[in-house]
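The block underneath contains the structure these notes are about, expressed in C-alpha cells.
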Amino acid sequence: MHYIVYFIVCLLLVVLKTTIIPGVLGGLWLYDLLIPLVIYFSLYRSLAEGLPVVLLSAIMMDMISGAPAGIYLTTYIWLFLGFRQTWRFLDLRHSYLFPAIVVAGVVFQQLIFWAAASTSAGQLVFSYESIRIVFFQIVWAVVSAPLLYLLFHKLFIAADRLFSDNSSENGHSG
Amino acid sequence: MFSKKTMVIAGLIFLVAANGIVFSFNYIRKSSVYPAAVETVLFFTAPVMEGVTHTTRFAENTWHRYFSLATAAKENERLGRELAEARHQLHLCRESRLLDKRLEGFLEFRETTDHKTVLASVVGREPSAWYQSVIINRGRIDGIETGMPVMVPEGVVGQVTGVSRSHAKVLLIIDRNNAVDAMVQRTRTRGMVKGLSSNVCHFEFALHKADIKTGDTIITSGLDGVYPKGLPVGRVSRIIRRSSGIFQDIEITPFADFHRLEEVLVILDPPDIDTNLLDP
C-alpha cells in the first residue's frame, strides 16, 4: 500500500512540474521537483522502499522528457546512492540541512545535463542563460525544499501509521 | 316627563347658545389674548410633539433602513454572483474567440495543404530546461507515428519522437538534438536548421559566399524525408561572417511561438519517413 502513496506523490510532482507550473508561472525555471523526493528517500527511507520509487520516477521522467534516454535514471540513481552512502559517515539527516542537500542535488543534475548537452553538441555548451537558469533553480530549491520536506515527512509518516494500524487490526482479527 | 314640544324648543335654544359660543371664540381669536394663549400652548406642547415626531421618524427610518440594508445585502450578494457569472461567461467568450481565431488559422492552413493532418492540444511541457519537447493529446489511435512532422500555421514546430496509445512526445526544432533540412526561400541556398535549446536556432552549413540577408525567410527543403517541402521555419535575425571558415554563422528566429504553443497540427502523410534515421 505504501508504494501506491509513493506512486501518487511521484505522479503529482511530475504533473506539477510539466503541466501546472508551466501553465501558471510561464517561463519561470523551476528545478526538478523529484530531486527532493529522491533525496528524502535516500536519507530517510530504506533501500527496499527507496529504490523502486527512484527507478519509477527516473523512468517516468525519461519517457516524458526530450532529453537523451537514461539521463534522469543516471541522475537519480547517483543522487540516491551517493547521499545514501554519504549520510553513513556525515550526519546529513537533519531537517535544516535538507535545503542545502537539495541545492547540491540540483547543481549535480545541472552538471549531468550540461555534460550531456555538451557531448551531443560536440563542444562545451555555455551561455549566460544557463547560468541564470541554474541560479533561479537554486533559489527555488532553497525556498521550496523545507516545504517539500515537511510535506513528505508528514505524508509518509501518516501513511506508515495508517497502514501499520490496518495491518495490526487485520492481524488481530485474523 | 317633557312634552315633545318642550324638547324641540330646548334643542333650538341649545343650538343658538352653541352657535353664540362659537361666534364668541371666533371673536376671541381676533383679540390679543388668543395669540398669547396659542403661543403658550405651543411653547409647551410643540417641543414635545417635535421630539415625538423625530423619535418616531428616526425609529421608522432605522427600521426602514435596516430592512433596506438587509435587502441591499441580499441584492448585493445576488448581483455579486451574477457579476462573477458574467465575468466567467465573458472569460469563456474571450477564450472561445481566441480559440476560434487560432483554429481559423489552422483551418486556413488545412485548406491550403494537400497533406492529411490532425489537430492536437499541448498538454505537457519538457521538465528540464536543457531540452525542448512537449506532450500532445493525440497518439497511435489517431494515426500518429514516430517521426511525423508537427507544425502550426505560422511554421514548423518539431517532430514526433515518441507515441503512446493516446499521446505523443514532440521534440521541438529549438532543441539542440533536432535538425531540419532547410533553405533560404529567396536564394534557395540550402543549410541545416539546428536548435540551441533557446528561442533561436542556427542555420548551419550555408557557404560564406551564399547570398543571405537579415530578414530572409527559411523554409523546409523536403530533402530530409521528414518535413514536406516549403513549410516556413523562421526568419534570419543575425548573420556573422567570420574572416576564417567556409560557413556563415546565421541565427534564425522561428516563426512558431514556442512559449505559447497550445494547439498543433501533426502531418500524417509526410514525404517519406525513415525511422532508422531518428535518434533513439
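Condition (residue is among the small types (Gly, Ala, Ser), in a loop (DSSP other than H, G, I, E, B) and either at the interface with another protein chain (Cβ under 10 Å from one of its Cβ atoms) or closer than 30 Å to A:Ile35 by Cα (or both)) applied to segment B:116-126: is it met by at least one residue?
no
Taking into account only those residues within segment B:247-280 that are within 14 Å of chain A (Cβ to nearest Cβ) and open to solvent by less than 60 Å² (accessible area, probe 1.4 Å), which is modelled with the highest pLDDT?
Applying the filter and picking the extreme gives B:Glu251.
Mind listing just one residue for me: the one in segment B:237-246 that is among the aliphatic types (A, V, I, L, M) and open to solvent by less than 60 Å² (accessible area, probe 1.4 Å) and, of those, modelled with the lowest pLDDT?
B:Ile240
Could you count how many residues in segment B:161-219 are within 11 Å of chain A (Cβ to nearest Cβ), touching an Asp or Glu at 6+ places or on another chain (Cβ under 7 Å) and closer than 14 Å to A:Ser65 by Cα? Steps first, please.
First, the residues of segment B:161-219 that are within 11 Å of chain A (Cβ to nearest Cβ): B:161-162, B:164, B:167, B:169-172, B:174-178, B:194-200, B:202.
If we keep only those that are touching an Asp or Glu at 6+ places or on another chain (Cβ under 7 Å) as well, we get B:177, B:194-195, B:197-198, B:200, B:202.
If we keep only those that are closer than 14 Å to A:Ser65 by Cα as well, we get B:177, B:197.
Of the residues in segment B:161-219, 2 are within 11 Å of chain A (Cβ to nearest Cβ), touching an Asp or Glu at 6+ places or on another chain (Cβ under 7 Å) and closer than 14 Å to A:Ser65 by Cα.
Report the residue count in segment A:121-154 for those that are open to solvent by 70 Å² or more (accessible area, probe 1.4 Å) and within 20 Å of the chain's Cα centre (by Cα).
8
If B:Val123 passes every condition in (1) open to solvent by less than 30 Å² (accessible area, probe 1.4 Å); (2) more than 20 Å from B:Thr220 (Cβ to Cβ) but one, which one does it miss?
For B:Val123, the exception is condition (1).
Could you count how many residues in segment B:200-258 are assigned to a loop (DSSP other than H, G, I, E, B) and either closer than 30 Å to B:Thr117 by Cα or aromatic (Phe, Trp, Tyr) (or both)?
Within segment B:200-258, residues that are assigned to a loop (DSSP other than H, G, I, E, B) and either closer than 30 Å to B:Thr117 by Cα or aromatic (Phe, Trp, Tyr) (or both) number 18.
Across segment A:63-83, which residue is farthest from the other protein chains (Cβ to nearest Cβ) among those that are of a type outside the set (Ser, Thr, Tyr) and crowded, with 18+ Cβ neighbours inside 10 Å? Talk me through it step by step, then tell me what you get.
So in segment A:63-83, the residues of a type outside the set (Ser, Thr, Tyr) come out as A:63-64, A:66-71, A:73, A:77-83.
Subset that is crowded, with 18+ Cβ neighbours inside 10 Å: A:64, A:66-68, A:71, A:79-80, A:83.
On the way: A:Ile64: 6, A:Gly66: 3, A:Ala67: 4, A:Pro68: 7, A:Ile71: 8, A:Leu79: 15, A:Phe80: 18, A:Phe83: 21 Å.
In this case the residue turns out to be A:Phe83.
Of everything in segment B:135-160, what is within 13 Å of another protein chain (Cβ to nearest Cβ) and outside any loop (DSSP other than H, G, I, E, B)? Give them in sequence order.
B:Ile135, B:Ile136, B:Val150, B:Val157, B:Gly158, B:Gln159, B:Val160
Each row is one residue, and each column tells you yes or no for (1) free of Cβ contacts under 8 Å to residues at least 24 places away in the same chain; (2) out of contact with any helix residue (DSSP H, G or I) (no Cβ under 9 Å at 6 or more places or on another chain); (3) open to solvent by 30 Å² or more (accessible area, probe 1.4 Å).
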site	(1), (2), (3)
B:Leu92	yes, yes, yes
B:Thr112	yes, yes, yes
B:Thr117	no, no, no
B:Ile136	no, yes, no
B:Asp142	no, yes, yes
B:Val156	no, yes, no
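Quick check: is even one residue across segment A:138-154 within 14 Å of chain B (Cβ to nearest Cβ) and among the polar types (S, T, N, Q)?
no
The values are calculated or read from the model by the stated rules, or taken from the named source; none is laboratory data. Keep in mind that what you see is a predicted model, and the values were worked out from it rather than measured. Every residue, glycine among them, receives a Cβ derived from its backbone with ideal geometry; neighbour counts consider all protein chains shown. We work out accessible area using only protein heavy atoms, side chains counted, and drop any ligands, DNA or RNA first. Shrake-Rupley method; radii C 1.70, N 1.55, O 1.52, S 1.80 Å.
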